[in-house]
1. For segment 161-289, what does the convex hull of the Cα positions come to per residue, in cubic angstrom?
2. Amide H to amide H, which residues 5 or more places from VAL156 or on other chains are under 5 Å from it, using H placed in the peptide plane?
3. Compute the distance from the alpha-carbon center of segment 111-167 to that of segment 236-313, in whole Å.
4. How about segment 134-180: which trypsin sites (Lys or Arg not before Pro) there lie in a loop by DSSP and see at most 14 other Cβ atoms within 10 Å?
5. Which of the following values of percent of Cα pairs over 32 Å apart was calculated from the structure shown: [x] 23; [y] 27; [z] 42?
6. When the helices in the chain are scored as -39500 (n - 2.57) per DSSP H run of 4 or longer and the sum is shared across all residues, what 222 nm value do you end up with, to the nearest 500 deg cm²/dmol?
7. Pairs to check: LYS84/LYS292; LYS208/LYS331; LYS292/LYS331; LYS208/LYS329; LYS217/LYS331; LYS6/LYS36. Give those whose C-alpha atoms are more than 21 Å from each other in this structure.
8. Relative contact order of segment 161-272, please, whole-number percent, based on alpha carbon pairs below 8 angstrom and at least 6 residues apart.
Amino acid sequence: MTVTLKEVAEKAGVSRSAVSRAYTEGASVSEKTRLKVLRAAELLGYHPNALASSLTTGRTKLIGLVSNNFHNPIFLEVFDLFTKALQDRGLRPLLVNLSDETDPENSVSMLRQYSVDGVIVASSTLPASFAKAFRDAGLPVVHSFGRFSSAPDVHVVGIDNVDCGRMAARALIERGYRRIGFLGGPQSATSTQDRLSGFLGEVANHPKIAARHSFAKAYSFDAGRDEMADQLSAGAAEAYFCGDDVLTVGALAAVRMAGLHVPDDVGLIGLNDMQMARWEGIELTTIHQPIKQIISSSVELVTAMLDDPARYPEARLFPCHVVDRATLKAKIEP
């Protein structure tokens, strides 16, 4: 049988409202009374009902964790870190899958049904309008891995994707490649657009470098493999920035299936530095995205907004760097 609040009150010799206050953060209750309640609860095996307490406090402690790319293994790491960080702060994640979703209002309606206290949009491909829709509905929201803006509508935490494109192009040029390519994710994704912009911008500074670009249908292994196979059949470039590690792993598979070698025949560099990138037999040269710092900052912001919903939106960018492994040639020394 479930132990009730009334039984705890009788065991502790206090009122039911005293028990309720003992479990309500910030409520007025003496330390002596609180300890009596906790001892009685422990003896009886009582655990407070989080849903019932939300009726008293007006807070569910639920945070909607929204994403749309569940085919990309990097999000296993992302969700693991997000759920732990939220739980460490006494919050509970409510995971929402927006794959193939095009109308943010459907997501807003669903999360309002669950009375979430805040929302984290964890996606580099969803447009800014998704996060803004939550804000317009009066929900505290943070867009993690979102597109940078100097005047954002909502809090944005992520990286400078344009600079990452420049960084990738420089890495290829410094290693002696002269015919280079960009193999991006979906063309509609803002992350793809920004990475391509930076890539081509850097190439423009080097007149002797020839560049091409193409797009995969999704940020997935299959899409990366298929797009690289098309590139190889048409005459591949010497090296590619694939824009994402899972695309790069797919491209690596296509190169090997064609009987070619990486990096001798085709060089590859990705972005994210997911755990799989370090595996033996893969060993991707990639651009490290500081995912832990992005997630920690995102959780910090959404937590702060629970107490200050009108907090002015800010954009937080974290620096990236190239991690050298086995899929690019060594740098050419000057």
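1. Values: hull volume 11.7 nm³, N = 129.
Once divided by residue count, the hull of segment 161-289 is 90 Å³.
2. HIS143, GLU314, ALA315, ARG316
3. 19 Å
4. Working: sites: ARG135, ARG147, ARG166, ARG170, ARG175, ARG178, ARG179; in loops: ARG147, ARG175, ARG178.
For trypsin sites (Lys or Arg not before Pro) across segment 134-180 that sit outside H, G, I, E and B with at most 14 neighbouring Cβ atoms in 10 Å, the list reads ARG178.
5. Recomputing percent of Cα pairs over 32 Å apart here gives the entry labelled [z].
6. On the way: 12 runs with 143 residues, N = 334.
Rounded to the nearest 500, the figure is -13500 deg cm²/dmol.
7. Working: LYS84/LYS292 11 Å; LYS208/LYS331 18 Å; LYS292/LYS331 29 Å; LYS208/LYS329 19 Å; LYS217/LYS331 32 Å; LYS6/LYS36 14 Å.
Among LYS84/LYS292; LYS208/LYS331; LYS292/LYS331; LYS208/LYS329; LYS217/LYS331; LYS6/LYS36, the Cα-Cα distance tops 21 Å for LYS292/LYS331; LYS217/LYS331.
8. Details: 224 pairs, mean separation 32.2, N = 112.
Contact order relative to length: 29 percent.
Readers should treat all values here as calculations from the given coordinates under stated rules, not as data from a laboratory. Here the structure is a predicted model, which is why all the values come from computation and not from measurement. Neighbour counts are summed over all protein chains in view; Cβ atoms, including those assigned to glycine, are modelled from backbone coordinates with ideal geometry.
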